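Participant: Have a look at this one.
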Amino acid sequence: LQISLSPREQSLVYCELDFAVASALSRYLESQFTRGRVNLDVLKRTAENWARKGRPKVLGFRYDIETQIEIVKQHVNDFKFYGRAASNPAILGILDMMRTDAKVMAVRSYCYPDTVIAKWLSDTLSLFSLIGAEDLQIAGIRGIQAFFQAVVSREQ
C-alpha cells in the first residue's frame, strides 16, 4: 500500500480533519439545540459520562468526534438531515463510518496508506452533506483534499 504523506504531513491532515469535523458537528448540534430538537436527558447523561472519565467540562457541544456522533445517533429521529442520504439507514451508515474513522484517526501512528486517508476525506464530505455543513466548512475539507492530492501527485 502506498504511503505518500510523511509523518509530518499526516499529522497536519489528522489535525485539520479532526478540527474540521468536530467544529462542523458542534455547529450542527448547536443548530438542532436552538431549534428545540435535543433531548436534555441525553445531554445530561453525556455530560455525566464525560465527567466520570475525568475529562474537563466542555463549552457547548465541543466533545470529541465519537461523543458528538453518539449524541447525533441518539437523536436520529428528531434531528433534521440534508442531502440524498437523509433516510434513517443511510444516516446511521454515515454516522457509523465517521465514528470508525474517528477511532482510527485517534491512533496517531502517522503511517496510514493513501487509501485510508482518501476514505476519511470522502466520508467527511458525506457527513458534511448529511448535516448541512456551511460552504466555508466544506471548502476547508476541499483544501485538505487538495493538499493530500498534491502530495500524492508529488510522490508518483
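Participant: Six or more apart or on different chains, Cβ under 8 Å: which pairs go from a residue in segment 20-31 that's among the basic types (Lys, Arg) to one that's surrounded by 23 or more Cβ atoms within 10 Å (Cβ to Cβ)? Could you list them?
Facilitator: Going by the 8 Å Cβ cut-off, the qualifying pairs are 27/133.
Participant: Identify all residues within segment 11-57 that are basic (Lys, Arg) and either in contact with a Ser or Thr (Cβ under 9 Å, 6 or more places away or on another chain) or surrounded by 12 or more Cβ atoms within 10 Å (Cβ to Cβ) (or both); write none if there are none. First the steps, then the outcome.
Facilitator: Kept after step one, since they are basic (Lys, Arg), are these residues of segment 11-57: 27, 35, 37, 44-45, 52-53, 55, 57.
If the condition is that a residue be basic (Lys, Arg) and either in contact with a Ser or Thr (Cβ under 9 Å, 6 or more places away or on another chain) or surrounded by 12 or more Cβ atoms within 10 Å (Cβ to Cβ) (or both), then 27, 37, 45, 55 are the ones that fit.
Participant: Still on this structure, please answer the following. Checking residue 68 against (1) assigned to a helix (DSSP H, G or I); (2) farther than 24 Å from residue 97 by Cβ; (3) not small (Gly, Ala, Ser), which test does it fail?
Facilitator: It fails just one condition, (2).
Participant: Can you find a residue that is under 30 Å from residue 155 (Cα atoms) and at pLDDT 95 or above anywhere in segment 82-98? Break it down stepwise before answering.
Facilitator: In the first step, residues of segment 82-98 are kept if they are under 30 Å from residue 155 (Cα atoms); the result is 97-98.
Add one more test, that the residue is at pLDDT 95 or above, and what stays is 97-98.
Yes.
Participant: Taking the criterion of being modelled with pLDDT under 95, among the small types (Gly, Ala, Ser) and not in a helix (DSSP H, G or I), would at least one residue in segment 106-114 satisfy it?
Facilitator: yes
Participant: Cβ-Cβ under 7 Å, sequence separation 6+ or interchain: first residue in segment 35-60 and under 12 Å from residue 75 (Cβ atoms), partner modelled with pLDDT of 95 or more and part of a helix (DSSP H, G or I). Which pairs?
Facilitator: Correct list of pairs: 38/32; 42/71; 46/67; 46/71.
Participant: Another question about this same structure. Out of segment 136-156, which residues are polar (S, T, N, Q) and either exposed (fewer than 14 other Cβ atoms within 10 Å of the Cβ) or at pLDDT below 95 (or both)? Steps first, please.
Facilitator: If we filter segment 136-156 for residues that are polar (S, T, N, Q), which is where we start, we get 137, 145, 149, 153, 156.
Correct list: 153, 156.
Participant: Still on this structure, I have one more. Given 99, 142, 62, 55, which one is part of a loop (DSSP other than H, G, I, E, B), more than 20 Å from residue 37 (Cβ to Cβ) and of a type outside the set (Gly, Ala, Ser)?
Facilitator: One residue alone meets the criteria, 55.
The values are calculated or read from the model by the stated rules, or taken from the named source; none is laboratory data. Keep in mind that this is a model prediction, so the values were computed, not measured. Methodologically, a virtual Cβ is constructed for each residue, glycine included, from the backbone with ideal geometry; neighbour enumeration extends over all protein chains shown.
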